[in-house]
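Here the structure comes first, spelled out in structure tokens, and everything after it is commentary.
The values are calculated or read from the model by the stated rules, or taken from the named source; none is laboratory data. What you see is a predicted model; the values in this text were computed from it and never measured. Positions of Cβ are generated from backbone atoms using ideal geometry, with glycine treated the same way; all protein chains shown enter the neighbour counts. These area figures cover heavy atoms from the full protein model, side chains too; ligands, DNA and RNA do not enter into them. Shrake-Rupley method; radii C 1.70, N 1.55, O 1.52, S 1.80 Å.
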Amino acid sequence: MAIDVFSFYGGSVTSPTTTLCDRSDGGHLIVYPSRAVWERGQLTPVELFQWSYLVAATGRAMIEVLPQLCGGCVNYWEAGNWSLNDAANPSGPKVVENHRRVHHHIFGRSRDARDPDWRWGEAPRFPAYADKKIWAQRFSPLNTQERDAVSARIYELLEGYYDLPDLFSPSSP
């Protein structure tokens, strides 16, 4: 089960249970739009605008508050492919519109990454679907203090830099 990091009317940020990048190598968060869609083009212009701000604010917050990202960066990866694997529940071929949910993985990229799959200056390497849980066991998620710092900074950025009012009001634009 994922840990909630931040949410507002434009979407949510979680720390996944199956972490794909260790916290010491930069960390891993997932950003979801406000409603489940299989393709980003299904979002309304306002929903896409709000989600895009949340994605950008999350990446910037990670870079600004996580010490392991000093001099580093983040990678944004739109995903949803593993949900379509024949071995994923329910087993067998899937109709993409029914099983894929658009989301962005944000991976911190540390200059000091120790894991060979996250080496600085190289593209990350991911396992095959069948191997993902065993592969990910070596990674630790962001800790409570790191998640809280990222959450607070996301709030500041959305409210200040991106000028989104009333972040927790469902009647907001």
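Top mean-square fluctuation among F126, F139, F107, Gaussian network model of the chain, C-alpha springs under 10 Å? Of F126, F139, F107, the Gaussian network model singles out F126 as fluctuating most. Taken along its principal axes, the alpha carbon cloud of the chain reaches lengths of 43, 41, 26 Å, longest axis first. In this structure, A130 and R40 have a Cβ-Cβ separation that, at R0 = 30 Å, corresponds to a calculated FRET efficiency of about 0.65.
Each residue, E97 and D115, gets one label point 7 Å from its Cα in the Cβ direction; the gap between the two is 3.6 nm. Distance from the Cα centroid of the range 74-153 to that of the range 8-22 is 10 Å (rounded to whole angstrom). The length gained by stretching the chain between R60 and D4 to full extension, at 0.36 nm per residue less their Cα-Cα distance, is 18.4 nm.
Relative to the current alpha-carbon distance between D166 and L84, full extension at 0.36 nm per residue lengthens the span by 25.9 nm. Roughly speaking, to the nearest percent, how much of the chain's 1.4 Å accessible area is carbon and sulfur? About 52 percent, which is the carbon plus sulfur part of the accessible surface.
Seen from L158, the other residues with C-beta closer than 13 Å to its C-beta sum to a net charge of -2, counting Lys and Arg as +1 and Asp and Glu as -1.
Summing Lys and Arg as +1 and Asp and Glu as -1 over all other residues whose Cβ lies under 15 Å from the Cβ of A57 gives a net charge of -1. Taking the Cα centre of the chain as origin and assigning +1 to Lys and Arg Cβ atoms and -1 to Asp and Glu Cβ atoms, the resulting dipole is close to 440 debye. Find out how many positive minus negative residues lie around S83, taking Lys and Arg as positive, Asp and Glu as negative, among other residues whose Cβ is under 10 Å from that of S83. Overall, the nearby charge balance is +3.
Where the alpha-carbon atoms of the range 118-173 are placed on the principal axes, they occupy 43, 25, 23 Å, in descending order. Taking every Cα-Cα distance in the range 13-68 and sorting them into 10 Å bins from zero, the calculated P(r) comes out as 21, 45, 27, 6 percent.
The residues of the range 99-162 expose on average 57 square angstrom of accessible surface per residue, using a 1.4 Å probe on protein heavy atoms.
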